[in-house]
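The values are calculated or read from the model by the stated rules, or taken from the named source; none is laboratory data. Predicted, not measured: the structure shown is a model, and the values here were computed from it. Every residue, glycine as well, gets a Cβ built from its backbone with ideal geometry; the counts of neighbours run over all protein chains shown. Please note that ligands, DNA and RNA were not included when accessible areas were found on the heavy atoms of the full protein model with its side chains. Shrake-Rupley method; radii C 1.70, N 1.55, O 1.52, S 1.80 Å.
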Amino acid sequence: MIEFLAQHPVLAAVTGLLTLAALFGALLGYASIRFKVEGNPIVDQIDSLLPQTQCGQCGHPGCHPYAEAIANGDDINKCPPGGESTMEALAELMGRDPMPLDADPDTIGVKKVAYIREDECIGCTKCIIACPVDAIVGATKLMHTVIESDCTGCDLCVEPCPVDCIDMLPVETTVKNWGWNRPQGPNARFEHQVFASDRPFTTDGRAV
Amino acid sequence: MRLWDFHGGIHPEENKQQSVQQALVKAPLPKQVVLPLQQHIGAPAEPLVSVGDTVKTGQLIAQADDFISANIHASISGTVTAIDERPIPHASGMSDLCIVIESDGQDDWVKLEPIADWQNADSETLLNAIARAGIVGMGGAGFPTAVKARIREQHTIDTLVINAAECEPYITADDMAMRTYPERLIQGVQILSQLVKPSRCLIGIEDNKPEAIKALHSATKDTDIDVVVVPTKYPSGGEKQLIQILTGREVPSGGLPADIGVICQNVGTAIAIAKAVILGEPLISRITTLTGNAMTRRQNVDVRLGTPINELLDFAGFNAALASRLIMGGPMMGFTLTSDRLPVVKTTNCLLAPTSQEFPDPEPESPCIRCGMCEQACPAELLPQQLHWFAKAEEFEKAQLFNLFDCIECGACSYVCPSSIPLVQYYRFAKTEIHKEQEEAKKAERAKIRFEQRQARLEREEAEKIAARNARMAAAAAKSAAAKAAAPATSGASPVTQGLAQGLDEAAAKKLKIQRAAATVALKKAEKALTEAALDSNASPDNKAILEANHKAAQEKLAAIDQQLNGGAQAKTQAGANPQPAVATNPNGLDDAALKKLKIQRAAASVALKKTEKALAEATDENRVQLEATFKAAQDKVSDIEQQLGIASAQPASNEQSVAAPSADQEKILKQAKIAAAASKAAMKKAEKALVHAQSIGDTDEIAAKEAAIVTAKANAEKAADKLAALQGVTPKAPAAASHSASDATPETDLAAKQEKALKQAKIIVAATRTALKKAKKALAEAQDSKDPEAIKAQQAVVERCKTKFTGAEQTLAQLTSSDVC
Ligand code: SF4
Ligand code: SF4
Ligand code: SF4
Ligand code: SF4
C-alpha cells in the first residue's frame, strides 16, 4: 500500500486529503453533538439587547416575546424604551438596515420611574397586579410604594390605578449618577479645562 | 537604592514656591460647618444626630453605612441646625445631603480615647481605631483607609509605599505636613507597617522638596523606613507610577497594587492614622494649600472640615476681581468650582485661585493632527489619540479594548496636545457612558430575572388552581357515583348513567334557576318603570302601553321558567321511578356535557404534554429517563382523551344527521330573506332621509318623487319582512316535525337541542325588534321636537309597525318557550 502510494504521488495526495476530510468531518460531527448549544441562541442574543423594561409597547407581552418575533422576521424598530441605540444594535446583529423608530419621538429613551403619591393611595393592589417586575410593594387597603431601583419605568401601573395617584417621573440626575458631558468638539472651548493653557504663562505667572 | 523609570510623563512648571514661604497655620474656626455625608468613595454615611442636637468637637455624627463607607464627625462644637441638601464641592456642581452645625464658639471636644500602648496593640484594635476615626485616602480619591488597610486579609504584602511625591504643580500640603510633623508621619508609617507587616517600608519623595527630605531623614534615623528621593516628573505621584519607580513592578491592567504585593498610602493619610491611634482624634481637619496669584497670603492651612471655602478665601486675601476661576485640587487633576459657598471636605488638598494671566481661558479645540505627542507623554502607556477617537465616535467597546480604564486621568496627554484637545474630558465622558451602560445592563438583567420569576410564579399559581379544581371535580364525581351505586340497581339502568343523568338534571335545574332569578329582576324592573310611568302624568299612553307589554312579557317569561323548573323536577322524580325515559331523554345532553369536559381535559393534557416536551428538551441526561416516562404518560393521556372524545362526538353527529339537512336548507333561505329585509329597510331609510332633505329644501317635485320612492321601498321592506316572518314561522315547526321522525330512532333531546336553537333565534329577533322599536321611538321624539307634523306621522307609523313586529316576535317566543316545556 505504502509502496504503491509512493509510486503514485497524485494518488497519495488525494488519499491524504480524503483521510483528512474524513477525520475533520468526524471531528466536527462529534463537536456539534457534544457541544450542542441549548435553547435558541439568536433569541437570547436579541433579548440581551432589549432594555427589559417589559412594557409591551412593542406589541408583545414582554421583551423576550419581542425577541422571538424579531428572530421570526418582525421589524426591529418597535421598542421605544430602547431608543435608537437598541435599534441600531439590533440592525447590526440581524444584518438588517436600520429603520426609523416606530414611536413618539418625545418618549424615546426617556428614563422614567413610577412614583405613588402615598397619601392618595387607597390600597387597591391594582398596580401590584399590573407591574411586570414586582416593583411595587403594599397590601390590601394599605399604602403602596414603588421600589425605585427595581422599577423599569414601563408605565403599566399608571392606567389601572383608580385614583390616579401614580406619576411617571423622569429619573433625576444626582451626584451619584451624574457624569461628564461630551466635549463639544473642535472650535469649542471646554469650560472645565483647567491646565493646558498654563504653559505660555508659566514663566511670568510666578508669585509677585 | 536602584530606581526605575516609568513611560512618558511631563515637566510642567511647578509653582510650588509661592505657598511654602510661610509656616503652616491653623485657619480660624468657622462659625458654621457643612459636612456632606459622602466625602469618600462608597456608600454615604448614615446620620446619627437630628436637627437641634448639641454636638461636641470630634463627636460621631454619621456612621459608616456599608463595608465601604466612612464615619463623619463634628468638626466644631455647637448645634445641628439642618440636615438637608447643600451644594457640595463636586465636578457636577450639584447638591447632596449634608449636616450643618452652627458653632457655639467654644470648640469643646469630646473625650478622646487614645490607644496608649499602640506599639503592642493587635491589628484589630488598630483597624477599629482607624475605621472609627473616619479616615479616607487624603491624596484625592478618598477611599476608606480602614478597608484598604485590611488588604492583608486577602493578599500578601511585602512592600509598604508612602506616597510623598506630591507631583502636581502648586500643591504643597504634603510638603508642609512633612516639614511640620515628621514624627507624626513616621508614627503613622509604623502603625501601618504593624498592620501590613511588610518586609520593607519606603517613603517616595520628589527631589524638589529638600526641606521635607531633610526632616524625614532625621526622623527616620533609628527606624527601618527608607526615604527614597525620586526625580521630579509628573505624574510620579500616581500610585502605579510611584510603585514602578520604587520597585520596578508594574500593576497589571485592571489590577490593584496589592496584586503585586504592594500597598500605597498618602502622607496625609499616614498622619491622620497616627493622630487617630495615638491621640484618639478623629479626622475633623486637614491641611489645604491656598495658592494662586489671585490670593495675597498663599500658604498652607490646617482647616476644619466643613469650613466654607469663602471664609478660607477671605483668610487668604482672595481678590475675586483678579481670579479667572476657582479650582479645587491642582491644575492637572482638579476641577473648577462654580461657587465659593462650598465646604472643605476630606479630599480638598488645594484651593487654587489663579489670575487670568496664570490661567487664561482654554484654547478652542482644534482637530487632532496625529502628532503622537500624547502617546509619548502617557504614563499609563496608552494610546490617547486612539482613545480620543473612540470616545468621540462613541465606540466605547473599542475604547475599553484599548484599556480606557487604565487611564489615571493625569492630564499629561492634554497638556502636551498641540491642538488643545480636552482629551481627559473625552475619556471621562467615555467612562461615564460605559458606567451608565453597565448600570443599565445590570438593571435590565435584574428586571429580566424578576419578570421571569413573576411569570413562573403566576404559572405555578394557575396550575395549582387547575389542579385543585380537578381534584374537587373528581371527588364530587366519585361521591355521586358512590351514592348512585348504593342506590338499587332495581331500575335496570346502569347506575353510572343514572348518576350522571341526575347530575345533568341538576345542572339544568340550576341554569333554569338562574334564568328565573334574571327574569324576576326583569319583572321587578318593568314593574318599577310601570309605577313610575303611572305616577308621571306626562307619560304618553303609548309609553305606558309599551311598559305594560314589557311587564307582561317579563311575567310570562317568569311563569314559563317556573313551569319548566317544575317540569324538570317532575321529570326528575319520574326518572327516579321509571328510569327508562330518563335514560332516553338524557344521554345526548349528557354527551354534550361530557364532551365539554373531555375537551377541557384534552386541552389540559396537551398543555402538560407540551410542558414535559419542553422540559425534556432542556433536561440533562440524569433526569431524562424520568421525564421521558412523564412525557409518554402525558401522550397516552392525550390520545386516550381524544379517543373518548371521538366516540362521544360521533354519537351526537349521527343523531343530528336526520334533521341536519332540512334545517340547513331552511336556515339558508331564512338568511337570504333576512338580508333582503335588511336591504329593503336600508333603502327605505335612505329614501326617507332623502325626503327629509328634499323637504328642508322645499322642492315640491322632488318631495313627490321621494315620497313615491319611499312608498315602493316600504312595500319592498314589508314584503321582505312578511317573507321573513313566514319563514320564521316555519322554522320552529321544522325541528318539531323532524323530531317526530327522529324520536323513535334517537332520544328526544335532539329535539330539545333544536328547540333551544329556535328559542335562541326567537329571542334574538325579540331583542332586535325591541331595539328597532326603541330607535323608532327616539326618532319619533326627535320628530316631535322638530314639530314637523309630516315627520311625526311617518315616525308614528314606523313605531306602530315596530310594535306589532315586536309583539309578534314575543308571541313566537312565548309559544316556543311553552312548547319547549311540554
Ligand atoms: S417595547 Fe417594551 S416590552 Fe417591547 S422590547 Fe422594548 S422594552 Fe421590551
Ligand atoms: S412600578 Fe409601574 S412603571 Fe415601574 S416597573 Fe412596575 S408597572 Fe412599570
Ligand atoms: S490622562 Fe490618561 S491617557 Fe492621558 S496621559 Fe494620563 S493616563 Fe494617559
Ligand atoms: S497630542 Fe493631540 S494632536 Fe497630537 S496625536 Fe495626541 S491628540 Fe492628536
Within the stretch A:14-35, considering residues that are at pLDDT below 90 and away from every other protein chain (no Cβ under 14 Å), the one most open to solvent (accessible area, probe 1.4 Å): A:Phe35
Test for B:Arg297: is it more than 26 Å from B:Gln425 (Cβ to Cβ), buried (at least 18 other Cβ atoms within 10 Å of the Cβ) and either within 43 Å of the chain's Cα centre (by Cα) or not hydroxyl-bearing (Ser, Thr, Tyr) (or both): no
Residue list for the stretch B:380-403, filter: open to solvent by 60 Å² or more (accessible area, probe 1.4 Å) and within 12 Å of ligand 3 (Cβ to nearest atom): B:Glu381, B:Leu383, B:Phe402, B:Asn403
Output for the stretch B:241-262, where each listed residue is over 18 Å from B:Val227 (Cβ atoms) and touching a helix residue (DSSP H, G or I) at 6+ places or on another chain (Cβ under 9 Å): B:Arg249, B:Glu250, B:Val251, B:Pro252, B:Ser253, B:Gly254, B:Leu256, B:Pro257, B:Ala258, B:Ile260, B:Gly261
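Yes/no per residue for (1) surrounded by 15 or more Cβ atoms within 10 Å (Cβ to Cβ); (2) facing another protein chain (nearest Cβ under 9 Å); (3) more than 23 Å from the chain's Cα centre (by Cα):
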| position | (1), (2), (3) |
| --- | --- |
| B:Pro418 | no, no, yes |
| B:Pro422 | yes, yes, yes |
| B:Arg428 | yes, yes, yes |
| B:Glu439 | no, yes, no |
| B:Lys442 | no, no, no |
| B:Arg446 | yes, yes, no |
| B:Glu459 | no, no, no |
| B:Ala463 | no, no, yes |
| B:Arg472 | no, no, yes |
Answer from B:Ser324, B:Ser366, B:Ser339 - the residue that is away from ligand 1 (no atom under 16 Å from the Cβ), open to solvent by 10 Å² or more (accessible area, probe 1.4 Å), in contact (Cβ under 8 Å) with a residue 12 or more places away in the chain and under 40 Å from the mean Cα position of the chain (by Cα): B:Ser339
The stretch A:36-87, subset part of a helix (DSSP H, G or I) and open to solvent by 70 Å² or more (accessible area, probe 1.4 Å), residue farthest from ligand 3 (Cβ to nearest atom): A:Glu68
Any chance B:Arg446 is under 30 Å from A:Gln45 (Cα atoms) and either within 15 Å of ligand 4 (Cβ to nearest atom) or in a helix (DSSP H, G or I) (or both): yes
Unmet requirement for B:Cys374, which otherwise passes all of (1) surrounded by fewer than 23 Cβ atoms within 10 Å (Cβ to Cβ); (2) within 16 Å of ligand 4 (Cβ to nearest atom); (3) more than 20 Å from B:Ala91 (Cβ to Cβ): (1)
Scope the stretch A:125-169; condition near ligand 2 (Cβ under 10 Å from one of its atoms) and of a type in the set (Gly, Ala, Ser); matching residues: A:Ala130, A:Ala135, A:Gly153
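This table checks each residue for (1) in contact with a Gly (Cβ under 7 Å, 6 or more places away or on another chain); (2) outside the structural domain of B:Pro28 (by TED's automatic domain parsing); (3) polar (S, T, N, Q).
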position	(1), (2), (3)
B:Asp53	no, no, no
B:Gln63	no, no, yes
B:Ala70	yes, no, no
B:Ala74	yes, no, no
B:Gly78	no, no, no
B:Thr81	no, no, yes
B:Asp84	no, no, no
B:Gly93	no, no, no
B:Cys98	no, no, no
Any pair with Cβ under 8 angstrom, 6 or more apart, that starts in the stretch B:9-21 at a residue that is touching a residue at least 60 places away in the same chain (Cβ under 8 Å) and facing another protein chain (nearest Cβ under 9 Å) and ends at one that is of a type in the set (Ser, Thr, Tyr) and open to solvent by 60 Å² or more (accessible area, probe 1.4 Å): B:Glu13/A:Thr203
Selection count, the stretch B:779-819, where residues are under 25 Å from B:Gln555 (Cβ atoms), among the small types (Gly, Ala, Ser) and modelled with pLDDT of 70 or more: 3
B:Arg286 being out of contact with any Gly (no Cβ under 9 Å at 6 or more places or on another chain) and more than 11 Å from every other protein chain (Cβ to nearest Cβ): no
Yes/no for B:Gln32 being away from ligand 4 (no atom under 16 Å from the Cβ) and either within 53 Å of the chain's Cα centre (by Cα) or free of Cβ contacts under 8 Å to residues at least 12 places away in the same chain (or both): yes
Tally, over the stretch B:177-224, of residues that are touching an Asp or Glu at 6+ places or on another chain (Cβ under 9 Å), in a helix (DSSP H, G or I) and acidic (Asp, Glu): 1
Which numbered condition A:Ala69 misses (of (1) more than 14 Å from chain B (Cβ to nearest Cβ); (2) at pLDDT below 90): (2)
Output for the stretch B:404-416, where each listed residue is at the interface with chain A (Cβ under 9 Å from one of its Cβ atoms) and within 7 Å of ligand 3 (Cβ to nearest atom): B:Gly411, B:Ser414
The one condition in (1) within 26 Å of B:Ser75 (Cβ to Cβ); (2) at pLDDT 90 or above; (3) more than 47 Å from the chain's Cα centre (by Cα); (4) open to solvent by less than 50 Å² (accessible area, probe 1.4 Å) that B:Leu126 fails to fulfil: (3)
Flag for B:Ala131 being aliphatic (A, V, I, L, M) and open to solvent by 70 Å² or more (accessible area, probe 1.4 Å): no
Strands (runs of 3 or more DSSP E) enclosed by the stretch B:25-87 - at least 2 residues per element that are buried (at least 17 other Cβ atoms within 10 Å of the Cβ), of a type in the set (Lys, Arg) and at pLDDT 95 or above: none
Number of the condition not met by A:Leu90 [criteria: (1) without any contact (Cβ under 8 Å) to a residue 24 or more places away in the chain; (2) more than 14 Å from chain B (Cβ to nearest Cβ); (3) more than 16 Å from ligand 2 (Cβ to nearest atom)]: (1)
Single residue of B:Pro354, B:Pro364 found to be under 30 Å from B:Leu35 (Cα atoms), within 9 Å of chain A (Cβ to nearest Cβ) and away from ligand 2 (no atom under 16 Å from the Cβ): B:Pro354
Pairs, first β-branched (Val, Ile, Thr) in the stretch B:113-127, second part of a loop (DSSP other than H, G, I, E, B), C-beta under 9 Å, six or more apart: B:Ile115/B:Ala121; B:Ile115/B:Gly280; B:Thr125/B:Ile115
Answer residue from the stretch B:418-452, given it is within 16 Å of ligand 3 (Cβ to nearest atom) and in contact (Cβ under 8 Å) with a residue 40 or more places away in the chain and is farthest from A:Val175 (Cα to Cα) among those: B:Pro418
From A:Val137, A:Val171, A:Val175, residue being within 14 Å of another protein chain (Cβ to nearest Cβ) and within 16 Å of ligand 1 (Cβ to nearest atom): A:Val171
